[in-house]
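Chemist: Can you read through this structure? Questions will come right after.
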Amino acid sequence: MKRGLTLFLSGLTLLLLLAACGGEKKNDKPPAGAPQAGGNAGCAPPPSGSAAPGGRPLGGDPPGSAATARLDQIMSSAKLPADVALIQRLDLTNEEAAGASAELKQRFTDTGRVTGTQYVFSVGGLQRITLGINQYSKADGAKDEYERGRPKPRPEDALDTTGLGTAATGARIALGSGDARSFVNNVVFVRDCYLITMADFVNDANSKGEAILGTARGLDEQLRTAP
């Protein structure tokens with residue numbers, strides 16, 4: 001499981017670093033009937049206690065609490081693109097996500113981050129997408145962290161996130177240069193008290209983000225209707 005853990009945390013680190021890349025594209029107008037970010041819409045307290053025992057179809061560490069088991073249920077119920085498969089998961093509590101960073105720990109306290117989970121997906125059989133669900137006690141906290149960490153792409157590098165979440169940004173980002181240059185699609189969106197951070201190691205300069213956006217929209221629909 002150590003290799004999987006390294007991948008999860010590498011994905012998280014990348015998502016934190018991608019925020020430094022810089023134009024903007026976001027959908028200021030949410031879809032009809034969608035709750036507005038802010039306040040406490042859709043922010044029921046997560047269940048407390050340990051995760052209930054039972055079969056677990058995902059690889060990785062089992063959920064350590066009822067709250068992260070609930071996030072697994074939401075993620076596992078999402079309709080994914082045909083070539084995308086959910087293969088691994090990991091709890092990402094505040095302590096685990098912050099690590100030794102006192103700054104991140106304070107940010108989680110200030111914004112009301114409750115807990116989170118991290119997932120890995122394959123695309124066409126290749127391990128490629130990392131996705132983090134971050135749950136907050138208030139929608140304002142999730143939106144504040146979104147504004148802090150969303151990518152700010154040039155118009156030609158923006159992915160079409162129209163209708164995704166209550167706020168969303170997508171970017172195609174180039175890392176490195178020359179023969180070492182690679183491309184990552186980055187999507188960050190908010191749905192009420194949830195902040196979703198995603199990276200697709202697509203390595204395609206012309207990608208329009210079909211896999212990552214299809215995965216994001218499937219999860220968003222589950223978050224929108226989750227009790």
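Chemist: Say each of residue 208 and residue 82 gets a label point 7 Å from the Cα, pointing the same way as Cα to Cβ; how far apart are those two points in nm?
Modeler: 1.7 nm
Chemist: What number comes out for the charge environment of residue 226, summing +1 per Lys or Arg and -1 per Asp or Glu over other residues with Cβ under 13 Å away? Provide the component values of the computation, followed by the final result.
Modeler: Numbers: positive: 70, 191, 224; negative: 72, 192, 220, 221.
Net local charge, residue 226 excluded: -1.
Chemist: Which order do the peptides 192-200, 212-220 take when ranked by the mean count of other beta-carbon atoms within 10 Å per residue, highest first?
Modeler: Working: 192-200: 26.0, 212-220: 23.1.
Highest to lowest by the protection proxy: 192-200, 212-220.
Chemist: Under the rule a/c < 1.5 gives rounded, and otherwise a/b versus b/c splits prolate from oblate, where does segment 120-167 land using the Cα gyration tensor?
Modeler: Numbers: a/c = 2.31, a/b = 1.29, b/c = 1.80.
Taking the square roots of the gyration eigenvalues as a ≥ b ≥ c, segment 120-167 is oblate.
Chemist: Over segment 103-209, how many pairs of lysines fall under 22 Å by alpha carbon, counting only those 8 or more apart in sequence or from different chains? All intermediate terms of the calculation are to be shown ahead of the outcome.
Modeler: On the way: 105/138; 105/143; 143/152; 152/208.
So the count works out to 4.
Chemist: Within 15 Å, Cβ to Cβ, of residue 99, how many net charges do the neighbouring residues add up to if Lys/Arg are +1 and Asp/Glu are -1? Could the numbers behind the result be given before it?
Modeler: Details: positive: 105, 107, 113; negative: 91, 95, 96, 103.
Around residue 99, the charge tally is -1.
Chemist: If r is the Cβ-Cβ distance from residue 102 to residue 61 and R0 is 25 Å, what FRET efficiency results, to the nearest 0.05?
Modeler: Working: r = 25 Å, r/R0 = 1.00.
With a Förster radius of 25 Å, E is 0.50.
Chemist: Here's something else I'd like to know. Report, in cubic angstrom per residue, the convex hull volume of the C-alpha atoms of segment 136-190. Walk me through the numbers before you get to the answer.
Modeler: Details: hull volume 4.6 nm³, N = 55.
Value for segment 136-190: 83 Å³ per residue.
Chemist: Please give the net charge around residue 79, taking every other residue with its beta carbon less than 15 angstrom from that of residue 79, where Lys and Arg add +1 and Asp and Glu add -1. Mind dumping the intermediate values first?
Modeler: Numbers: positive: 217, 224; negative: 83, 210, 220, 221.
Net local charge, residue 79 excluded: -2.
Quick note: the coordinates plus some simple rules give every number you see, no bench work behind them. Computed from a prediction, not measured in an experiment: that's the story for all the values here. When we count neighbours, we look across all protein chains shown, and the Cβ atoms used for this are built from the backbone with ideal geometry, even at glycine.
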